[in-house]
Amino acid sequence: MRSSVTQPGRRAPGEGVRIRRAAARDAKRLTRLVRTSRAYEGPYAPMVAGYRVGPDYIETHRVFAAVEEDAGRLLGFYSLVLDPPELDLMFVADDAQGAGIGRLLIAHLRDEARDAGLTDVRIVSHPPAEGFYLSVGAERTGTERAAPPAVMWDRPEMLLPVI
């Protein structure tokens, strides 16, 4: 059983964090989070080198950001596509990983998907993130094959139940 007591100087998971709809003004911060992610170092680096989360993307899709309530610092974000239902993007700041931000984003995604009448959401995962998605209840359904030059590696395909 996990204790709800936190270490001195550390917050409980989700404490002081707000998830809000991303706005066009967030585009540069979301792009920076994607491009600087340590999960995309080494052989994965070319995938995000020129990646851009533009204001047009944010205005067209359901993009939600997790921010610190007091400082407004961006901790992570996700993008949910409704038709067909898919998690398009999800990133957590490197220094915020392990603090429960990803789990908060997934819980929020489930609520959004449920409110939209969805029963599950497809996830095509970055290979190193597969364990995280499995830990929040996603089920492996197959493999999305590499599609060079955009994606040079196979990726796990999963379904995340929302009910």
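Observations on the structure shown:
- In the context of the full set of protein chains, residues of the range 7-163 present 53 Å² of accessible surface per residue (probe radius 1.4 Å, heavy atoms only).
- Computed about the Cα centre, the dipole magnitude for the chain is approximately 420 debye when only Lys and Arg (+1) and Asp and Glu (-1) carry charge, each at its Cβ.
- Sequence of PHE91, PHE132 from largest to smallest accessible area, 1.4 Å probe: PHE132, PHE91
- Formal net charge of residues neighbouring ALA116 (Cβ-Cβ distance under 13 Å; K, R +1; D, E -1): -3
- Once all protein chains are placed together, GLU86 keeps about 50 Å² accessible to a 1.4 angstrom probe.
- Percent accessible area from carbon and sulfur atoms, the range 17-118, protein chains only, probe 1.4 Å: 48
- Net charge of the neighbourhood of GLY54, taken over other residues with C-beta under 11 Å away and scored Lys/Arg +1, Asp/Glu -1, is -1.
- Measuring spread by the Cα atoms of the range 70-156 yields a radius of gyration and Dmax of 13.8, 42 Å.
- Within-11-Å neighbourhood charge of ALA93 [Cβ basis; K, R +1; D, E -1]: +1
- When you work out D = kT/(6 pi eta Rh) for the chain at 4 °C and 1.567 mPa s, using the Kirkwood radius from C-alpha pairs as Rh and the Stokes-Einstein form, the result is 78 µm²/s.
- The range 17-118: relative contact order as a whole-number percent, Cα under 8 Å and 6+ apart: 26
The values are calculated or read from the model by the stated rules, or taken from the named source; none is laboratory data. Just so you know, these numbers come straight off a predicted model, no measurement behind them. Glycine gets a Cβ as well: all are built from the backbone with ideal geometry, and neighbour counts include every protein chain shown. Surface areas here come from the heavy atoms of the whole protein model, side chains and all, with no ligands, DNA or RNA. Shrake-Rupley method; radii C 1.70, N 1.55, O 1.52, S 1.80 Å.
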